[in-house]
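The structure appears right after this line, and notes come after that.
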Amino acid sequence: MGTTKLDLYKRAVRNCEQTPISSLTETVEPRFRCDDFYDSVLVWILEQQFWRSAMKTVKIELNESINPAFAFTYAHDLPTDFVKKQIISLDEFLDFPLDEQQTGNAYLMEGGYIWANSTPIYMRYVSNDSSYGLDLTRWTDGMAEAFGLELAARVAPHITGSTVKAEDLHAKAHSKQGKAGTFDQLQQTTARIREGNWSSIRFRGSRDSSLQRGS
């Protein structure tokens with residue numbers, strides 16, 4: 001498990017059937033093209049699945065400076081590292097997703113806020129924080145392989161001149177991320193661990209806590 005940026009570049013170039021690069025400073029076209037698409041593929045991979053290495057759970061208090069004009073009572077700031085939501089709940093153990101409640105406690109994510117009729121709220125989501133989704137050392141091999149295929153698909157037309165090759169790599173990337181994501185999620189416990197008292201962010205970015213869910 002775990003990878004590096006150079007390893008991801010090497011995977012991409014190999015998938016294009018080109019000579020792999022040896023460093024991130026090598027002055028060759030494949031490396032330049034990988035540089036061009038690296039950030040956009042990072043966005044892509046994090047959006048595809050609820051990767052264990054990217055999951056983060058937080059408690060969000062209301063933003064007291066915001067007074068909703070209608071519909072909802074409270075505004076909560078959307079985390080700056082937010083990619084996509086898995087669960088929002090009023091329960092700190094996330095046993096009762098707010099989406100599923102029929103008690104008028106719906107919510108809306110809009111304009112950088114989470115609007116709700118109750119506060120605080122708890123959310124588990126995919127994070128692009130450097131200690132979560134962007135920490136390559138926490139990635140599984142399946143996640144890295146899917147990334148390498150998608151990066152290859154984007155650089156292939158530029159370094160191989162083949163759009164057919166790119167289309168094939170796109171299909172392989174989507175297939176791989178689906179399989180890797182399913183496997184990744186099956187490794188997570190089906191029972192929620194009850195950790196005790198919450199702070200504003202549950203794990204404070206610690207990667208070593210044995211209680212950290214989603215790691």
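Fewest first, what order do T160, T3 take by the number of other Cβ atoms within 10 Å? Could the numbers behind the result be given before it?
Values: T160 17, T3 20.
The order, fewest Cβ neighbours first, is T160, T3.
Quick one: check the C-alpha center-to-center distance for segment 1-25 versus segment 72-132, whole angstrom.
Each part reduced to its Cα centre gives a spacing of 37 Å.
Where in segment 1-70 are there GluC sites (Glu not before Pro) that are in a DSSP coil and have at most 16 other Cβ atoms within 10 angstrom of their Cβ? Show your work: numbers first, answer last.
Numbers: sites: E17, E26, E47, E61, E64; in loops: E17, E26, E61, E64.
Here the GluC sites (Glu not before Pro) that fit, given the DSSP loop and packing criteria, are E17, E26, E61, E64.
Give the lysines whose C-alpha is closer than 17 Å to that of K85, dropping any in the same chain fewer than 8 places away, or say none.
Straight-distance partners of K85: K56, K59.
List the chymotrypsin sites (Phe, Trp or Tyr not before Pro) within segment 1-85 that fall in a DSSP loop (any state other than H, G, I, E or B) and whose Cβ has at most 15 other Cβ atoms within 10 Å.
Of the chymotrypsin sites (Phe, Trp or Tyr not before Pro), the ones in loops of segment 1-85 whose Cβ has at most 15 other Cβ atoms within 10 Å are F70.
Which percent of Cα pairs goes in each bin when the distances of segment 55-127 are cut into 10 angstrom slices starting at zero?
Pairs per bin, as whole percents: 21, 58, 21, 0.
Any read-out appearing in this document is the output of simple, stated calculations on the displayed coordinates, not a laboratory observation. Predicted model, so just to flag it, every value in this text is computed and none were measured. Note that each Cβ is placed from the backbone with ideal geometry, even for glycine, and that neighbours are counted across all protein chains shown.
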